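Working notes, structure below.
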């Protein structure tokens with residue numbers, strides 16, 4: 001999937017009679033449109049929240065790296081840790097699938 005479904009495109013296709021399903025009454029159409037808009041807004045909010053969690057995770061890596069160096073230790077650069085972390089790799093894959101690349 002390249003990104004969140006565009007609500008108006010789906011509704012336009014249906015309205016143009018492409019036979020995506022049974023014909024809807026105007027009231028049903030408006031309810032479906034409202035539902036799709038709510039889902040679209042919820043997906044956008046989830047993507048925003050996921051990006052915030054990703055950034056917080058990277059910030060935690062930065063803090064840990066700084067502490068290790070302050071204590072005289074050696075540590076990989078944050079960008080290397082970020083790229084090699086399997087949780088962050090999974091997070092980037094999720095964001096890529098929903099069109100919200102980090």
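If you wrap a convex hull around the alpha carbons of the range 21-67, what volume per residue comes out, as a whole number of Å³?
Measuring per residue, one finds 45 Å³ for the Cα hull of the range 21-67.
Work out the P(r) tail for the range 42-93: percent of alpha carbon pairs separated by more than 12 Å, whole number.
Taking all Cα-Cα pairs of the range 42-93, the fraction more than 12 Å apart is 67 percent.
Read-outs throughout are calculated quantities, based only on the coordinates presented, and are distinct from any laboratory measurement. This is a predicted model, so every value here is computed, not measured.
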